[in-house]
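Okay, structure first, notes after.
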Amino acid sequence: MLSQKLQDAFNEQINKELYSEYLYLSMAAYCYEMDLDGFANFFMVQTQEEHFHAMKMFNFVTDCDGRVILKKIDSPPVEFKSVTELFEKTLEHERFVTKSINELMDIAVKENDHASASFLKWFVDEQVEEESTDKKILSKLKLVEGNGYGLLMIDQELAARVFTPPAATA
Ligand code: FEO
């Protein structure tokens, strides 16, 4: 059984995960418009991951006899200057999500809610991976400095990304 405070915090986090899905879908749309289908694929896979994150929390709250309260999802930005800016914004957003997950973990620990803390550990680890992936792509983009050939190489690399439901590999 979740405390009211923890249930509220989980519901806030579900909203952030769904907003993340929306944000990356908007970024994918921008990439498709630029005919950078590999970059678009990266963000389409990311939207699937974010949906998975939201549903993983949805199911946990439900399993704990809690109540999921869905909130309004804000509109994501739609205009971007470059794919480099996309990854700057992505990294910034993931750092924000990491902070939020850490705050959620802090509440679980403070309340001695071992089930929630154990559940949230997966998200703590996931954020390390997400930030690392984004940082590496951003470094490559900075390295090629908008060079067309370099961009196409990164586009090709990102075209290979596929969504693998983490639960199936855990
Ligand atoms: Fe659900 Fe990208 O963190």
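If you go through segment 28-60 and keep only what is more than 14 Å from the ligand (Cβ to nearest atom), surrounded by fewer than 18 Cβ atoms within 10 Å (Cβ to Cβ) and in a helix (DSSP H, G or I), you end up with Ala29, Tyr32, Glu33, Asp37, Asn59. The set of residues in segment 1-27 being of a type in the set (A, V, I, L, M) and away from the ligand (no atom under 16 Å from the Cβ) consists of Met1, Leu2, Leu6. Under the condition of being touching a Cys at 6+ places or on another chain (Cβ under 8 Å) and among the aromatic types (Phe, Trp, Tyr), the residues counted in segment 1-41 number 1. Per this entry, Asp65 is counted among residues that are out of contact with any Ser or Thr (no Cβ under 8 Å at 6 or more places or on another chain), among the charged types (D, E, K, R), surrounded by fewer than 18 Cβ atoms within 10 Å (Cβ to Cβ) and assigned to a loop (DSSP other than H, G, I, E, B).
Is it fair to say Glu103 is in contact (Cβ under 8 Å) with a residue 24 or more places away in the chain, within 16 Å of the ligand (Cβ to nearest atom) and within 28 Å of Tyr32 (Cβ to Cβ)? Reasoning before the result, please.
Details: in contact (Cβ under 8 Å) with a residue 24 or more places away in the chain: yes; within 16 Å of the ligand (Cβ to nearest atom): yes; within 28 Å of Tyr32 (Cβ to Cβ): no.
Judged against the criteria, Glu103 is not a match.
Residue pairs whose Cβ atoms lie under 6 Å apart, sitting 6 or more positions apart in sequence or on different chains, and linking a residue in segment 2-18 that is touching a residue at least 12 places away in the same chain (Cβ under 8 Å) and closer than 21 Å to Asp74 by Cα to a partner that is within 13 Å of the ligand (Cβ to nearest atom) and part of a loop (DSSP other than H, G, I, E, B), do not occur here. Cβ-Cβ contacts under 8 Å between residues 6 or more apart (or on different chains), taken from a first residue in segment 30-58 that is within 27 Å of Trp122 (Cβ to Cβ) to a second residue that is more than 9 Å from the ligand (Cβ to nearest atom) and among the β-branched types (Val, Ile, Thr), are listed as Phe42/Ile137; Val45/Val162; Ala54/Ile14; Met57/Ile14; Phe58/Ile14; Phe58/Val68. Within segment 153-170, is even one residue modelled with pLDDT of 95 or more and within 12 Å of the ligand (Cβ to nearest atom)? Scanning segment 153-170, I find no residue that is modelled with pLDDT of 95 or more and within 12 Å of the ligand (Cβ to nearest atom), so the answer is no.
Grab the helices (runs of 4 or more DSSP H) fully contained in segment 108-170, keeping just those with 3 or more residues being touching a residue at least 12 places away in the same chain (Cβ under 8 Å) and surrounded by 11 or more Cβ atoms within 10 Å (Cβ to Cβ). Write out each step before concluding.
On the way: elements: 114-144, 148-159, 166-169.
So the answer is 114-144, 148-159.
The values are calculated or read from the model by the stated rules, or taken from the named source; none is laboratory data. Worth saying up front: this structure is predicted, and the values here are computed from it rather than measured. Here the Cβ is made from the backbone with ideal geometry for all residues, glycine too, and neighbour counts use every protein chain on show.
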